[in-house]
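Notes for the one structure printed next.
The values are calculated or read from the model by the stated rules, or taken from the named source; none is laboratory data. Because the structure is a prediction, the values reported are computed rather than measured. Don't worry about glycine lacking a Cβ; one is built from the backbone with ideal geometry, like all the others, and counts go over all protein chains shown. Ligands, DNA and RNA are stripped out before the accessible areas are found, and what is left, the full protein with its side chains, is counted by its heavy atoms. Shrake-Rupley method; radii C 1.70, N 1.55, O 1.52, S 1.80 Å.
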Amino acid sequence: MSGYPTAMQASISRVEATRGRRLRETFPAVSLEERQQVLDDFHPDYIEENMRPVRVGVSKGQRMPLELADVLEGRPHIGANFDLTASAGSTDVVIIGGGGAGAAAALLAQEHGARVTLVTKLRFGDANTMMAQGGIQAADRPEDSPAIHYLDVVGGGHFTNDPDLVEALVKDAPLIVAWLESLGVMFDKQADGTMVERHGGGTSRMRMHSARDYTGAEIMRTLRDEVRNREADITVVEFSPAVELVLDESGCAVGAVVVNLETNAYSFLGASAVVLATGGGGRLHYQGFPTTNHYGATADGVVLAYRVGAPLGYLESMQYHPTGAAFPEQIVGLLVTEKVRSLGAQPVNKLGEQFVYPLEPRDVEAAAFIRECQERDKGILTSSGQRGVWLDSPMVEAIHGQGTIQRNLPAMVRQFDRFGIDIAQEPILVYPTLHYQNGGIRTRPDGSTAVPGLFLAGEISGGVHGHNRLMGNSLREITVFGRRAGRSAAV
Amino acid sequence: MHPEIGTGKTPENLIPVHIMGTRYMVPPSLPIMAAMEYAGYRLLRGCGCRRGLRRACGTAYRIHGDPQLFSGLACQTVVQSGMYLAQIPFFPARRASYDLTKLEPSAVALFGAYPQLLRCLGCGACTKACPQDIDVRAYMAAGMKGDIQRMADLSFDCIMCGLCAARCPAEEAQYNIALLARRLTGRYLVPRSAHLEERLEEIRRGDFDADLAELKSLSKQELTARYSAREIEPEDRLGSRED
Ligand SMILES: Cc1cc2nc3c(=O)[nH]c(=O)nc-3n(C[C@H](O)[C@H](O)[C@H](O)COP(=O)(O)OP(=O)(O)OC[C@H]3O[C@@H](n4cnc5c(N)ncnc54)[C@H](O)[C@@H]3O)c2cc1C
Ligand code: SF4
Ligand code: SF4
C-alpha cells in the first residue's frame, strides 16, 4: 500500500509514464545568464518584501531576512545594571558553542597552554556538525591542487568570497585531514590507504572525503571524545547558553554572561579571550521555510557579536537546500541528500516532465523548484498546503540495479518507510529547505574579529563562502578556522 | 511549537499516551518527540536533530497490557495507543580518559581502559535495544577477542544514544568502548594515504603559494573566465557526495 493519498498517486502515474524516456535524456544545464535570471526572479534571497536593512549597529543598512533583522534589534536578556560579580568563575579562553568549530578551538587553545571553558546551549555535540552526512573537501590527490580548490570555492560563491579566507581554507585542508586522522577519524579508504574521494555539486575534481554516511558525526564524536580526554584543562558546561558578551573599558572582550537553563540563574564567566562558535540560524525559519538545522540553531552568536560591535557580512544570502522533504507533514524540511540526484534521480513536475538539470548549483536548483511551483503552477500540492516537486528516486534502481537505494541510502529508506513510502518504488516529494547561513560575522584568517579579544569560527562567520557555500566546505571550514581561532585566542 | 505540526487542524483520531506519568491525547501518526510537543512539552533536554543521528532523545516505553520494556529514539519512533513514556536523554555510563598517542592498537589498550569489557555475558539485550540496528553483542564479542578493527567496523553507525548500556546486565559502556576502538583504528590500523603525505610535503615546501597568490590577485572578470574554462574531472562509478 502506498503512503501517498490518492490525489498524489495520480501524479505519480504520470511520473512513471515518462520515466522510460527520461532515463535516456536529461534536461540540459543552463548558461550563467539563465542561472542569474531564475535566481533574480525566484530565489528567496531576492524577494524584496521579505528582506530589510538592519536599523542599528556598525553594519546599519545591510539587507537581511526580516526575522534576522528583528532578533538583531531585539531587547537583551539582561539589563545594564546586571551584577558582574555574580561570577561563574574565570578562565583563559571561553568558547561558546559545542559543535565542531567549538571543539576544534578548545583543543587548539588547550594545546597552546590555555585553560579552557566551553559553554554550550544544549548538550555537547547537539549541533549541525553531528548531522552532516555528505562529506568534507580537501585537495589531496595528484590530479587536484589547493589552487583548483580555490577556483571552485570562489566560482561557487559567485566571486564574492574573501580571498584571504579562501586561501587559508584550501591550504589548510589537507593538513586537517591528517590532523583528524591522527585523532582517530576513520575516513573511507581503499585497502592500500588511498582515500575514497568523489565529486559534489560545483567541484571540478573529486575531493569529497567521507566517513560512510556519518562524516559529521564521526568528526564530532572524535573531537568531543578528545576534548573529554583533556578534562584537566578543558571544562565543558552544558545547557548554558551565552546571552551577552562583556567588554572591558578599552573595548576588549573579557567574557560572557551565561544562563543555566535548569535553574535560570545568570552568571558572568570571565576570560582573557572569547571564541564564538554558535553555528547558524535555520531555526529562525526565514520566510517561513522549513529547515534541516538542529534545534539550537537560532543565530545567537551573530546577535551576541553584533551587539559588541563586530560587523556583519553576506547575511543577505541563505542557502536553501533544494531537496527538503515536502511530504509527509511530520518530516517536512528534513534533508533528502543530494546523493539521490547524483545517483541519477531527476526532479520532475506534476505532469511528469523534467524542468531543470538535476545538478545545478544549489541556489539555482532551489529557485527552479520554486518557479515550477509558483509561476508555472506545475508543483504538487499536499493536503496540508505544502507544495513540492517529485524527485524520481526509482530511477536510481533503474540505472544502477535493484537494491542500490537500500545499499546507498539506508537511513533515508528507514525514514520514509515509517510512513509507508518505499522510495525505491515511488518518488519523493521535495521542496527547498533552509540549510545553511552563508554569511555572518566578518572574520580574518586567524579567526580574529574587529573586536579585540573576540575570535570566531564556523557557520557563524561570513566571508569564506561568499554568497554561496559548496557542500563539503563547511565541515572543512569549522575545522580549519576552529583550530585557527583556538590558537589565536590562547596566544 | 514545532512549525511542521502547527497547521491548526485537529486530527480526528487522537490516541492516549502517558508521558512521564500524565495522560495526553495525541495524533497517532506523530513520532514520540512531536507528540510530546503536541501535548505542550517545551523540549529542552532529550531533543536534538530529529533525524535519528544524535543520541539526544533516547526514550524507554511500555505498551499498556504488555510486560515488556521497549526503547527507541523519540524523534524516530511513532507513538502507539497506550504507550507509557519516560525519556532518558542522558545515560551516565563510564567513560575512560586516555592519551591516544600513548596507546598501542592492541587488546591491552581496550582492556586497560575498560576492564569490564571481559564481563560481557553475551546476552544480546544491547542488540535488541539498539535503534540503529547495530549488532552490539557482536561488536562486544569482537572487542573481547581483541579484534579492534572489527569492533570499529561493526559499531560505525553508533549514535551514542546509550540505550544499549541502559539495558545491559553487566553494566558495560558499549558505545564508549567502541569509540575507543574506532579511534585506535583510524589512527593506527588503517594504512596511511601516500597521496596525502605527498601533498603535505608539497604544501610545506610552498609549492602552491605562487598559484594561490596569482588567483587572489585576479579581477572578478578574469576569475570568471578561468572558472568557466575549468576542466571537470569525469565522474567514476561511485558518483558524487553531497550536503
Ligand atoms: C542536515 C545537515 C547536513 C549537512 N551536511 C554537510 C556536509 O555533508 N558537508 C559539509 O561540509 N557541511 C554540511 N552541513 C553544514 C555543516 O554541518 C555545518 O555548517 C557545520 O557543522 C557548522 O558547525 P559549527 O561548529 O559552526 O556549528 P554547530 O555544529 O551547529 O554548533 C554550534 C553549537 O553552538 C551551540 N550554541 C548555539 N547558540 C549558543 C549560545 N547562545 N550559547 C552557547 N552555545 C550555543 C549549539 O547548541 C551548538 O552546539 C550540513 C548541515 C546540516 C544541517
Ligand atoms: S547487554 Fe551487556 S552483557 Fe548483554 S551482550 Fe550486550 S554488552 Fe554483553
Ligand atoms: S550501539 Fe548503543 S549507543 Fe550506539 S546506537 Fe546502538 S544502542 Fe545507541
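Restricting the stretch A:394-418 to residues that are in a loop (DSSP other than H, G, I, E, B) and within 14 Å of another protein chain (Cβ to nearest Cβ), which is nearest to ligand 2 (Cβ to nearest atom)? In this case the residue turns out to be A:ARG418. Between B:ARG192, B:ARG167, the distinction of being within 15 Å of ligand 3 (Cβ to nearest atom) and either of a type in the set (Val, Ile, Thr) or surrounded by fewer than 22 Cβ atoms within 10 Å (Cβ to Cβ) (or both) belongs to B:ARG167 only. Checked against (1) within 17 Å of the chain's Cα centre (by Cα); (2) not assigned by TED's automatic domain parsing to the domain that holds B:GLU104, B:MET160 passes all but a single condition, namely (2).
Let me spell it out: the conditions are (1) crowded, with 16+ Cβ neighbours inside 10 Å; (2) more than 9 Å from chain A (Cβ to nearest Cβ), and B:ARG205 meets all of them except one. Which number is the exception? B:ARG205 satisfies all of (1) crowded, with 16+ Cβ neighbours inside 10 Å; (2) more than 9 Å from chain A (Cβ to nearest Cβ) except (1). Of the residues making up the stretch A:327-378, those that are away from ligand 1 (no atom under 16 Å from the Cβ) and among the small types (Gly, Ala, Ser) are A:GLY344, A:ALA345, A:GLY352, A:ALA367, A:ALA368. Is the stretch B:174-185 home to any residue that is over 28 Å from A:LEU180 (Cβ atoms) and open to solvent by less than 10 Å² (accessible area, probe 1.4 Å)? Checking the stretch B:174-185: not a single residue is over 28 Å from A:LEU180 (Cβ atoms) and open to solvent by less than 10 Å² (accessible area, probe 1.4 Å). When the strands (runs of 3 or more DSSP E) confined to the stretch A:44-90 are screened for residues that are among the polar types (S, T, N, Q) and at pLDDT below 90, those reaching at least 1 such residues are found at A:87-90.
What pairs come out if I take residues in the stretch A:298-327 that are touching a residue at least 12 places away in the same chain (Cβ under 8 Å) and closer than 30 Å to A:ILE380 by Cβ and pair them with residues that are open to solvent by 30 Å² or more (accessible area, probe 1.4 Å) and among the basic types (Lys, Arg) whose C-beta lies under 9 Å away, six or more apart or interchain? Within 9 Å, the pairs are A:ALA326/A:ARG387. Annotation note: of B:ILE159, B:ILE148, the sole residue that is more than 8 Å from ligand 2 (Cβ to nearest atom) and over 21 Å from A:ASP213 (Cβ atoms) is B:ILE148.
Per this entry, B:GLY186 is counted among residues that are at the interface with chain A (Cβ under 7 Å from one of its Cβ atoms) and either under 30 Å from A:ASN229 (Cβ atoms) or of a type in the set (S, T, N, Q) (or both). A search for C-beta distances below 7 Å between a residue of the stretch A:205-221 that is within 15 Å of A:THR129 (Cα to Cα) and any residue that is within 16 Å of ligand 2 (Cβ to nearest atom) and at pLDDT 95 or above, counting only pairs 6+ apart in sequence or on different chains, returns A:ARG221/B:LEU179.
Looking across A:ASP392, A:ASP363, one residue alone is among the charged types (D, E, K, R), within 29 Å of A:THR6 (Cβ to Cβ), under 26 Å from the mean Cα position of the chain (by Cα) and open to solvent by less than 30 Å² (accessible area, probe 1.4 Å). It is A:ASP392. Restricting the search to strands (runs of 3 or more DSSP E) fully inside the stretch A:419-491 and requiring at least 2 residues that are within 16 Å of ligand 1 (Cβ to nearest atom), in contact with a helix residue (DSSP H, G or I) (Cβ under 9 Å, 6 or more places away or on another chain) and open to solvent by 20 Å² or more (accessible area, probe 1.4 Å) gives A:428-437. Checking each residue in the stretch A:123-144 for being more than 18 Å from the chain's Cα centre (by Cα) and closer than 23 Å to A:GLU244 by Cβ picks out only A:ARG123. The residues in the stretch A:1-15 that are loosely packed, with under 12 Cβ neighbours inside 10 Å and part of a loop (DSSP other than H, G, I, E, B) can be counted, and the count is 1.
For B:SER155, indicate whether it is more than 16 Å from ligand 3 (Cβ to nearest atom) and buried (at least 21 other Cβ atoms within 10 Å of the Cβ). For B:SER155, the condition - more than 16 Å from ligand 3 (Cβ to nearest atom) and buried (at least 21 other Cβ atoms within 10 Å of the Cβ) - is not met. When the residues of the stretch A:278-302 are filtered to those that are more than 14 Å from chain B (Cβ to nearest Cβ) and open to solvent by less than 10 Å² (accessible area, probe 1.4 Å), the one that is farthest from ligand 3 (Cβ to nearest atom) is A:VAL302. In this structure, does B:PRO115 turn out to be open to solvent by 20 Å² or more (accessible area, probe 1.4 Å), within 21 Å of B:ALA170 (Cα to Cα) and touching a strand residue (DSSP E or B) at 6+ places or on another chain (Cβ under 8 Å)? Considered against the rule, which asks whether it is open to solvent by 20 Å² or more (accessible area, probe 1.4 Å), within 21 Å of B:ALA170 (Cα to Cα) and touching a strand residue (DSSP E or B) at 6+ places or on another chain (Cβ under 8 Å), B:PRO115 comes out as no.
Checked against the criterion of being modelled with pLDDT of 75 or more and either on the phi < 0 side of the Ramachandran plot or facing another protein chain (nearest Cβ under 9 Å) (or both), the candidates B:ILE63, B:ILE5 yield just one match: B:ILE63. Just name the residue that is nearest to A:GLN354 (Cα to Cα) out of those in the stretch A:17-28 that are open to solvent by 90 Å² or more (accessible area, probe 1.4 Å) and in a helix (DSSP H, G or I). Of everything passing the filter in the stretch A:17-28, A:ARG21 is nearest to A:GLN354 (Cα to Cα).
Here's the yes/no breakdown for (1) within 16 Å of ligand 1 (Cβ to nearest atom); (2) free of Cβ contacts under 8 Å to residues at least 24 places away in the same chain; (3) within 14 Å of another protein chain (Cβ to nearest Cβ); (4) not polar (S, T, N, Q):
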residue: B:GLN116; (1), (2), (3), (4): no, no, no, no
residue: B:GLN132; (1), (2), (3), (4): no, no, yes, no
residue: B:ARG137; (1), (2), (3), (4): no, yes, no, yes
residue: B:GLY143; (1), (2), (3), (4): no, no, no, yes
residue: B:MET151; (1), (2), (3), (4): no, no, yes, yes
residue: B:CYS161; (1), (2), (3), (4): no, no, yes, yes
residue: B:ALA165; (1), (2), (3), (4): no, no, no, yes
residue: B:GLU172; (1), (2), (3), (4): no, no, no, yes
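Being of a type in the set (Asp, Glu) and facing another protein chain (nearest Cβ under 7 Å) is the filter; apply it to the stretch A:198-238 and report the residue that is surrounded by the most Cβ atoms within 10 Å (Cβ to Cβ). Per the stated criteria, the residue is A:ASP225. Where helices (runs of 4 or more DSSP H) fall wholly inside the stretch A:103-199, the ranges with 3 or more residues that are in contact (Cβ under 8 Å) with a residue 60 or more places away in the chain and more than 14 Å from ligand 1 (Cβ to nearest atom) are A:163-182.
Considering only residues in the stretch A:262-278 that are aliphatic (A, V, I, L, M) and touching a Leu at 6+ places or on another chain (Cβ under 6 Å), the one that is nearest to A:GLY113 (Cα to Cα) turns out to be A:VAL274. None of A:GLY482, A:GLY440 is on the phi > 0 side of the Ramachandran plot, more than 14 Å from chain B (Cβ to nearest Cβ) and more than 16 Å from ligand 2 (Cβ to nearest atom) except A:GLY440.
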